[in-house]
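Participant: Okay, handing you the structure first.
The values are calculated or read from the model by the stated rules, or taken from the named source; none is laboratory data. This one's a predicted model, so the numbers in the text were calculated from it and none came from an experiment. Note: ideal-geometry Cβ built from the backbone for every residue, glycine included; neighbour counts use all protein chains shown. Side chains included, ligands, DNA and RNA excluded: accessible areas come from the protein's heavy atoms. Shrake-Rupley method; radii C 1.70, N 1.55, O 1.52, S 1.80 Å.
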Amino acid sequence: MPPPGRAAGRAAWIGRCRRQAAVADMLSALLAGGVAFGLRFGEIDAETRPYAVLSGVLPLLWIGAASLSQAYDPRVFGGGVEEFRRVARCGCAAVAAVALAVFLTGADLDRGYVLIALPLATLLALCARYGLRRRLYRRRARTGEGMRRTVAVGHPPAVTELIRRLRRERHHGLEVVAVCLPTQAAPGETRIEGVPVLGDVTDVPLVVEQAGAEVVAVLACPELDGGAIRRLAWRLEHCQAELMVAPALLDAAGPRTVIRPVAGLPLLRVERPRLAGANRLLKDAFDRVVAALALLVLAPLLVVIAVAVRASGPGPVLTRRQRVGRDGRVFTLLRFRTVRQDTGPGADGQPGDGPGPAAAADPGARITPLGARLRRHSLDELPQFLNVLRGDMSLVGPRAPLPGEVARYGDDVRRRLLIRPGMTGLWQVAGNSALSWEELVSLDLRYVENWSLMLDLQILWKTWTAVVLGGSARNG
């Protein structure tokens, strides 16, 4: 079990997160009730007094509904979309409960008030939870607050990859503090990425207690079949440690995987990638509509930037570079010029595609002062909306590679070309400049394998946040 001091710190963190979430939900419901009352009635009198009382009671009702939806479960704080799904489910349940109560009691409840108050409470609660999550991410990055001590179980390469990912993406809240390996995997191995190896797969419960761990992450490991994992789960019950099992198909995750019981066996069904047919038409239509609207809204800003680039020195307003798009088709990528004209070949400062086969050094002092400001907020990439409108690119997708780089691709990497390259993507929100070539390719392939419109929306939102904060990665 965790040492008393660490357990007390964990309990205090969980309590603080729950209180903050509850206060955020109450304030959201109170504000939504007040707005709905003001819009529908405006003032308190004998007829509207019950709705004023209802607006005051709504926060308590919301807390109850959120508790029933398990929206205060500490396991969902700061991890994935499950927290937001539970808050949204709370809002849907509240609407359904009100509708049922009105039907059963025959109460004459103002529909306009309900249709404003409950959806608005849901929206505000979601925004508040998002704000709390961003705050938690910052605290995890700075102080390590709320990190869950984890024991990794698996072969050295898989464990190494897990440790590196969790160190790079601390917002997941998992910190590997101990490793257990199959007995024959690495005789004499004592540390992996600086993390001590404390035993083999039979020692996991003992290692959990010794390390004060709260999570056991079992990676793809032939030595651990279904029966072995079931017995491990039984042995971990007294430790109160959560068991996480990673399937062998790590990149085919999310909506493509469904567990189906067949002949008493829980089989993991992996659906085909959503790359063609109606899904491709939906993505293309979404991209072009959003690009057209963006160009319309941003037209004044584009004119101002174009004039400023022209005045910053000799050279064209736009740079044009050859990139490879879907199915290997070459197209011309547009970008505002950000470097001096006299820099020779590769004057856009981005001849490569990150740390890959054709990567180039950073242009450094060649960037103009205006170019540095444009790059900080990715404003030099705004002309790529024209590429999206023309069908050369997507809003979200893999990075746009150079022709010379594509010529070196193996069969696996060429799968990136099944989808149009994007203005942004998983590679950008993960921090393009901080990733190795293998990691960048892995992110691109993961996107291709798991594309969905919801994933595009999530990446666009994260990109917008990064751009506003000035910390976006560069698009190759």
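Participant: Given the conditions (1) at pLDDT below 85; (2) over 21 Å from residue 147 (Cα atoms); (3) of a type outside the set (Val, Ile, Thr); (4) in a helix (DSSP H, G or I), and given that residue 75 satisfies all but one, which numbered condition is not satisfied?
Facilitator: (2)
Participant: Within segment 416-452, take every residue that is over 20 Å from residue 287 (Cβ atoms) and of a type in the set (D, E, K, R) and give me the one that is farthest from the chain's Cα centre (by Cα).
Facilitator: In this case the residue turns out to be 438.
Participant: Could you go through segment 166-184 and let me know if any residue there is at pLDDT below 85 and open to solvent by less than 20 Å² (accessible area, probe 1.4 Å).
Facilitator: Checked against the condition, which is being at pLDDT below 85 and open to solvent by less than 20 Å² (accessible area, probe 1.4 Å), segment 166-184 yields at least one hit.
Participant: Something else: Here is a check on your reading of the model: is residue 101 at negative phi, under 20 Å from the mean Cα position of the chain (by Cα) and surrounded by fewer than 19 Cβ atoms within 10 Å (Cβ to Cβ)?
Facilitator: Considered against the rule, which asks whether it is at negative phi, under 20 Å from the mean Cα position of the chain (by Cα) and surrounded by fewer than 19 Cβ atoms within 10 Å (Cβ to Cβ), residue 101 comes out as no.
Participant: Could we say that residue 87 is within 26 Å of residue 15 (Cα to Cα) and among the aliphatic types (A, V, I, L, M) here? Spell out the reasoning first.
Facilitator: Values: within 26 Å of residue 15 (Cα to Cα): yes; among the aliphatic types (A, V, I, L, M): yes.
Yes; evaluated as a whole, the condition is true for this residue.
Participant: Given the conditions (1) surrounded by 13 or more Cβ atoms within 10 Å (Cβ to Cβ); (2) under 30 Å from residue 14 (Cβ atoms), and given that residue 81 satisfies all but one, which numbered condition is not satisfied?
Facilitator: (1)
Participant: Under the condition of being within 13 Å of residue 154 (Cα to Cα), open to solvent by less than 20 Å² (accessible area, probe 1.4 Å) and at pLDDT 85 or above, which residue from segment 200-243 is farthest from the chain's Cα centre (by Cα)?
Facilitator: 204
Participant: With the requirement that a residue be at positive phi and surrounded by fewer than 19 Cβ atoms within 10 Å (Cβ to Cβ), what does segment 134-152 give you?
Facilitator: To start, the set of residues in segment 134-152 that are at positive phi comprises 144, 146.
Matches in segment 134-152: 144 only.
Participant: When you check residue 408 against the structure, is it open to solvent by 30 Å² or more (accessible area, probe 1.4 Å), of a type outside the set (Val, Ile, Thr) and farther than 21 Å from residue 278 by Cα, yes or no?
Facilitator: Considered against the rule, which asks whether it is open to solvent by 30 Å² or more (accessible area, probe 1.4 Å), of a type outside the set (Val, Ile, Thr) and farther than 21 Å from residue 278 by Cα, residue 408 comes out as yes.
Participant: Looking only at segment 223-242, which residues are out of contact with any Leu (no Cβ under 7 Å at 6 or more places or on another chain), of a type in the set (Gly, Ala, Ser) and in a helix (DSSP H, G or I)?
Facilitator: Once the filter is applied, which keeps residues that are out of contact with any Leu (no Cβ under 7 Å at 6 or more places or on another chain), of a type in the set (Gly, Ala, Ser) and in a helix (DSSP H, G or I), segment 223-242 yields 226, 227, 228.
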